[in-house]
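The values are calculated or read from the model by the stated rules, or taken from the named source; none is laboratory data. The model shown is predicted, which means the values in this text are computed figures rather than measured ones. Glycine gets a Cβ as well: all are built from the backbone with ideal geometry, and neighbour counts include every protein chain shown.
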Amino acid sequence: MAFTMKDIAKIAGVSRQAVAAALSDVGSSKVSEKTRERVRSIAEKLHYVPNQNAKRLRGGSSNTIGIYGVPYVSVLAQSLFYEISMGLSRYGYNLTVSYGWGEKASEQAIRNLLSQGVAGVIVTSEENPMTQYKLDSVPYVFSPPAGVADFDVVVDHAAGTREAMKALVKAGRKSAVFLVPSFMGSFYDEPSRQKYQGIVEGLKELGVAPSILTIVECGGEGAVVVERLRQLAPDVLFCGDDYLAGRMLSLLQSSGIRVPEDIMVVGYDGLSICDMCAVPLSTVIQPLKKRADHIVSLLLDRIKENNLSPEPAGIRLPSYFYPSASCGFSNEKIQKLPLYNLYSMLETNWENPL
């Protein structure tokens, strides 16, 4: 049951106007300090939640930010939303989330957020419904999964795979295969293209190009993937994400292919599972913390300025290589065990006591 100011007023034995004054963030001389404390105590016991729409209609400002996104990789989306939420909380803002998939769902999701009287909106999908459906009635930030038109903040996926490939060329490796679920026409299309381009650039000095292998063309059969890898005989296997790389570690080892002696394996995203693999996995880390920090800073500036038609910020944040045992590197971090929580992302674990 949701309690109202009227309920609090009845319990406290005061008027509704007195309750509103007592609960006001700016304070009011209309009620005594004793009344204010009693009203706030009752509100706390009832778990009273202010009606943000009503507050906005009265000319007040909302302390809620809406975020819309497609859960293309749920652990990444949730980790990003967590970092954004922590960043906003330092400035007194709450975060409410709405998911959707497809044009109709995205428009409805944004309209639902706006109907809640949010102070601003963060969009993390491939397209921006705020401009697509002319819904830009509040300040917003557009941070898609990869660089598309008019973005504010994105991750440069090519930077990390390029750094990784250059490090492995320096270690004597001369060829690579890029393994993805479905390279052409999949939801991962643009990020995958960037990851592949980084590998191409890392191999450029050798004058060779990486091969592409998809799970779809192998019919989803691990044995077929391993056989194709035997035929291609690469020095390095890049995987589109860490989950796929972790699965490939097991398949390769059970097939008698040694990691990293026969083939080096690199994942992508920077999930904590990389340190938990039988052969600790090298990966490319997406800088979600930095992405969240830029999103929060940009949105708060636009809210302060009431900027409803901002120029795209165009901020690109480079992903970066995390070397570990699957590429023959020593990794001192895996020698430390967490004293408290183990977070889903490697970069979050580093920022907390180990």
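Which of the residues belonging to the range 109-150 are in contact with a strand residue (DSSP E or B) (Cβ under 7 Å, 6 or more places away or on another chain) and among the β-branched types (Val, Ile, Thr)?
Of everything in the range 109-150, those that are in contact with a strand residue (DSSP E or B) (Cβ under 7 Å, 6 or more places away or on another chain) and among the β-branched types (Val, Ile, Thr) turn out to be Ile110, Val118, Val121, Ile122, Val123, Thr124, Val138, Val141.
Filter the range 229-253 for residues that are more than 31 Å from the chain's Cα centre (by Cα) and over 17 Å from Ala209 (Cβ atoms); which is modelled with the lowest pLDDT?
Gln253
Determine if the range 140-160 includes at least one residue that is over 20 Å from Tyr268 (Cα atoms), in contact (Cβ under 8 Å) with a residue 24 or more places away in the chain and of a type in the set (Ser, Thr, Tyr).
Scanning the range 140-160, I find at least one residue that is over 20 Å from Tyr268 (Cα atoms), in contact (Cβ under 8 Å) with a residue 24 or more places away in the chain and of a type in the set (Ser, Thr, Tyr), so the answer is yes.
In this structure, is Val279 free of Cβ contacts under 8 Å to residues at least 60 places away in the same chain and touching a helix residue (DSSP H, G or I) at 6+ places or on another chain (Cβ under 6 Å)?
Numbers: free of Cβ contacts under 8 Å to residues at least 60 places away in the same chain: yes; touching a helix residue (DSSP H, G or I) at 6+ places or on another chain (Cβ under 6 Å): yes.
For Val279, the condition - free of Cβ contacts under 8 Å to residues at least 60 places away in the same chain and touching a helix residue (DSSP H, G or I) at 6+ places or on another chain (Cβ under 6 Å) - is met.
Filter the range 186-211 for residues that are in contact (Cβ under 8 Å) with a residue 12 or more places away in the chain, among the hydrophobic types (A, V, I, L, M, F, W, C) and either surrounded by fewer than 17 Cβ atoms within 10 Å (Cβ to Cβ) or in contact with a Cys (Cβ under 6 Å, 6 or more places away or on another chain) (or both) and give the result.
Phe187, Leu206, Val208
Do you know which residues across the range 110-131 are within 15 Å of Gly69 (Cβ to Cβ) and part of a helix (DSSP H, G or I)?
Ile110, Asn112, Leu113, Pro129, Met130, listed by residue number.
Within the range 8-20, can one find any residue that is under 30 Å from Leu346 (Cα atoms) and either in contact with a strand residue (DSSP E or B) (Cβ under 8 Å, 6 or more places away or on another chain) or modelled with pLDDT under 85 (or both)?
Step one: of the range 8-20, the residues under 30 Å from Leu346 (Cα atoms) are none.
No, that holds for no residue.
So Met264 ticks every box in (1) more than 26 Å from the chain's Cα centre (by Cα); (2) surrounded by fewer than 22 Cβ atoms within 10 Å (Cβ to Cβ); (3) of a type outside the set (Val, Ile, Thr) but one. Which box is left unticked?
If we test Met264 against (1) more than 26 Å from the chain's Cα centre (by Cα); (2) surrounded by fewer than 22 Cβ atoms within 10 Å (Cβ to Cβ); (3) of a type outside the set (Val, Ile, Thr), just (2) comes out false.
Test of understanding: among Leu244, Leu229, which residue is within 23 Å of Leu288 (Cβ to Cβ) and in a helix (DSSP H, G or I)?
Just one listed residue meets the conditions, Leu244.
Within the range 86-120, can you find the residues that are within 18 Å of Ser137 (Cα to Cα), of a type outside the set (A, V, I, L, M) and under 19 Å from the mean Cα position of the chain (by Cα)?
Matches in the range 86-120: Thr96, Ser98, Ser106, Gly120.
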